[in-house]
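**Student:** Before we start, here is the structure in question, set down as structure tokens.
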Amino acid sequence: MNKATRALMTDKELELLAQVEPKKLASLDEDELLELLGRIRGARNKWSKLYRRRASAQVVDDGRRSHAGAKHSRTAAKAEVFEDALAKVSRQLAKVAKVSADELRAERLAAARGEAKPGAPTKGKGKPAGSASRTRKPSVTPRTTKVRASTRATNARNQAKRDNRR
């Protein structure tokens, strides 16, 4: 943010934008990021709406759209700053949420298999619990379901042909 844009902001707005610095964002957890996202979205919405209202009212006075927006460039600049901050927080929240979702998924899969939680002490001779002779179950997707059904139907037709030859 340049000095001119910084001069437009109030102390409260500068405090809010200071929380968007990469070092501070990295230290926030998912709930804190959601709360920050809400506050920044509120500020962005406030300035965006204000700009649109002022510019549309100015069109009536000026009779031209081209001049209306230019007279409210400070408000538009504030809205743009908060839009950029919102994007940064959204990206960080997406990263944190993905990590959290991956951890939760791994825990649930381990629990479903009856295995120990990832990082938990292992049983027996140093092997993770449940890893001895288990094979992974193939994932079921719409594509695999269709392929299996097609294979079964083809096999059934071939078997019917062989049965009719006898």
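The values are calculated or read from the model by the stated rules, or taken from the named source; none is laboratory data. Since the model is a prediction, treat every value here as computed from it, not as a measurement. Backbone-built Cβ (ideal geometry, glycine too); neighbour counts: all protein chains shown.
**Student:** Return yes or no: is LEU34 part of a loop (DSSP other than H, G, I, E, B) and within 19 Å of the chain's Cα centre (by Cα)?
**Tutor:** The answer is no for LEU34.
**Student:** Further question: Collect the residues in segment 68-96 that are of a type outside the set (A, V, I, L, M), touching a helix residue (DSSP H, G or I) at 6+ places or on another chain (Cβ under 6 Å) and either in a helix (DSSP H, G or I) or under 24 Å from LEU25 (Cα atoms) (or both), keeping them in residue-number order.
**Tutor:** If the condition is that a residue be of a type outside the set (A, V, I, L, M), touching a helix residue (DSSP H, G or I) at 6+ places or on another chain (Cβ under 6 Å) and either in a helix (DSSP H, G or I) or under 24 Å from LEU25 (Cα atoms) (or both), then GLY69, ARG74, THR75, LYS78, PHE82, GLU83, GLN92 are the ones that fit.
**Student:** Now, a different point. Counting only residues that are acidic (Asp, Glu), within 14 Å of ASP84 (Cα to Cα) and free of Cβ contacts under 8 Å to residues at least 60 places away in the same chain, how many does segment 11-40 have?
**Tutor:** The total comes to 1.
**Student:** Name the residue, out of ALA18, ALA26, ALA57, ALA43, that is of a type outside the set (Val, Ile, Thr) and at pLDDT below 90.
**Tutor:** None of the other options fit; the residue is ALA57.
**Student:** Also, I was wondering about something else. Considering each of VAL147, VAL99 in turn, give the residue that is surrounded by 10 or more Cβ atoms within 10 Å (Cβ to Cβ), within 30 Å of LEU25 (Cα to Cα) and at pLDDT 85 or above.
**Tutor:** Matching residue, one of VAL147, VAL99: VAL99.
**Student:** Please state which one of LEU33, LEU17 is touching a Leu at 6+ places or on another chain (Cβ under 6 Å) and not β-branched (Val, Ile, Thr).
**Tutor:** Checking each option against the conditions leaves just LEU33.
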